[in-house]
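Below is one structure; the comments refer to it alone.
The values are calculated or read from the model by the stated rules, or taken from the named source; none is laboratory data. In this text, all values refer to a predicted model and were calculated from it rather than measured experimentally. Using ideal geometry, Cβ is built from the backbone for each residue, glycine included, and neighbour counts are taken over all protein chains shown.
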């Protein structure tokens, strides 16, 4: 039922935006009656694209509808907010002249275009977020943290922690929220691979959401798999947890339509991961250089229709408590419970750091850790803002990143 309320809200918002746009156009020289009818009909058809993209059976045609729909959502959301401000302005001015209407409307278009163009370009630019952590059993301390751009060489030359006598450093790359799908740019994934390869990591760790609820939506999937396989071509192991979007399900404006119990992982997704040479570890642990890693299933969508994952007690029984414990889980949660079993570090994604302003404000306000390093319930936690984007292919007020972590012991 709630998805239909969201859909109703979307349609009401689109009708409001069209109504307000017609009002402004009527007060300009562009406001010819027949032109307005044509504009309104065109907008109505485009407004329906995200709905068709959500409810049509998954196919290449449906994927292209989703691609267009995601871009449209970005434009209509920003322009809609501008129209709300314009609605307030017209009540303040009362009598809006033809010139004033033209200037205000042109300003709205300029803001919308600038927001979306900048947001799209910025979303393709990946940063490198570097952390150095001093880790022992039941103790983890942040030594250093730096954020850099596309200068890969600086990772080793300027950023790397210089170990003292007797210290051992294990370097990992944390990947999260790649959200490969209809709006993914191949060049962005190339940058991701370049960052990982140039960082000379010992292990690649994944915190989920490599897909965006569809395998069909990733055009040229084999090419992407072969590209990502370059990260492990030199023998670097890759250990991954699943996320809530590593399943097949229809989405409307980013919201799931199906009941989680009816959602399954497409077999081609697991074949894709095999081609990447990634080891998927749902509710499994392993020893990595004397550090105990445990990879949790997603809480809501396990991909098998059961939606059951190991509880905290079962995790406690399965791990080696004589070694430092790192928990990898898609969503940053359960910190109080994980503290009871001696977790030293929790690695997550999911939040995107809000991805698009003003959503960034809301995400940071409601999350235990929306992004970056933070101590929660006595545990060191790192949340990646993600390598990709979800819904509109935009980032504004946040950034995409690959996380590089030096664990010092």
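Give the residue, chosen from 350, 321, that is farther than 19 Å from residue 237 by Cα, outside any helix (DSSP H, G or I) and more than 25 Å from the chain's Cα centre (by Cα).
One residue alone meets the criteria, 321.
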TODO: Would you please name the residue that is surrounded by the most Cβ atoms within 10 Å (Cβ to Cβ), looking only at residues in the stretch 310-330 that are out of contact with any strand residue (DSSP E or B) (no Cβ under 7 Å at 6 or more places or on another chain) and closer than 23 Å to residue 409 by Cα?
DONE: 316
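Taking the criterion of being touching a strand residue (DSSP E or B) at 6+ places or on another chain (Cβ under 8 Å) and at pLDDT 95 or above, would at least one residue in the stretch 13-31 satisfy it?
Within the stretch 13-31 (the criterion being touching a strand residue (DSSP E or B) at 6+ places or on another chain (Cβ under 8 Å) and at pLDDT 95 or above), the answer is no, since none of the residues qualifies.
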TODO: Determine whether residue 222 is over 17 Å from the mean Cα position of the chain (by Cα), in contact (Cβ under 8 Å) with a residue 24 or more places away in the chain and on the phi > 0 side of the Ramachandran plot.
DONE: no
- [ ] Filter the stretch 187-203 down to the residues that are within 15 Å of residue 131 (Cα to Cα) and touching a helix residue (DSSP H, G or I) at 6+ places or on another chain (Cβ under 7 Å), then identify the one that is modelled with the highest pLDDT.
- [x] 196
Task: Residue count, the stretch 1-24 (criterion: in contact with a helix residue (DSSP H, G or I) (Cβ under 6 Å, 6 or more places away or on another chain) and either exposed (fewer than 14 other Cβ atoms within 10 Å of the Cβ) or over 26 Å from residue 258 (Cβ atoms) (or both)) - done: 5
Open item on the list: Checking residue 96 against (1) free of Cβ contacts under 8 Å to residues at least 40 places away in the same chain; (2) farther than 30 Å from residue 221 by Cα: exactly one of these is not met. Which one?
Closed with: (1)
- [ ] Mind telling me which of the residues 284, 301 ends up being touching a strand residue (DSSP E or B) at 6+ places or on another chain (Cβ under 9 Å) and under 19 Å from residue 332 (Cβ atoms)?
- [x] 301
Open item on the list: Step by step: first the residues of the stretch 283-298, then only those that are outside any strand (DSSP E or B) and more than 24 Å from the chain's Cα centre (by Cα), then the one that is surrounded by the fewest Cβ atoms within 10 Å (Cβ to Cβ). Which residue is that?
Closed with: 290
TODO: Can you give me the number of residues within the stretch 243-268 that are over 26 Å from residue 49 (Cα atoms) and either in contact with a helix residue (DSSP H, G or I) (Cβ under 9 Å, 6 or more places away or on another chain) or free of Cβ contacts under 8 Å to residues at least 24 places away in the same chain (or both)?
DONE: 2
Task: Single match in 336, 368 (criterion: part of a loop (DSSP other than H, G, I, E, B) and surrounded by fewer than 24 Cβ atoms within 10 Å (Cβ to Cβ)) - done: 368
Task: Criterion (within 30 Å of residue 148 (Cβ to Cβ) and assigned to a helix (DSSP H, G or I)) met by exactly one of 74, 86, 80 - done: 74
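Residue 175 - would you say it is buried (at least 17 other Cβ atoms within 10 Å of the Cβ), touching a residue at least 60 places away in the same chain (Cβ under 8 Å) and not assigned by TED's automatic domain parsing to the domain that holds residue 216?
no
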Task: Which listed residue is part of a loop (DSSP other than H, G, I, E, B), more than 21 Å from the chain's Cα centre (by Cα) and more than 21 Å from residue 393 (Cα to Cα), from 236, 170 - done: 236
Task: Condition check for residue 198: within 22 Å of residue 74 (Cβ to Cβ) and surrounded by fewer than 22 Cβ atoms within 10 Å (Cβ to Cβ) - done: no
Open item on the list: Just checking, does the stretch 172-181 include any residue being under 21 Å from residue 373 (Cα atoms), modelled with pLDDT under 95 and touching a strand residue (DSSP E or B) at 6+ places or on another chain (Cβ under 6 Å)?
Closed with: no
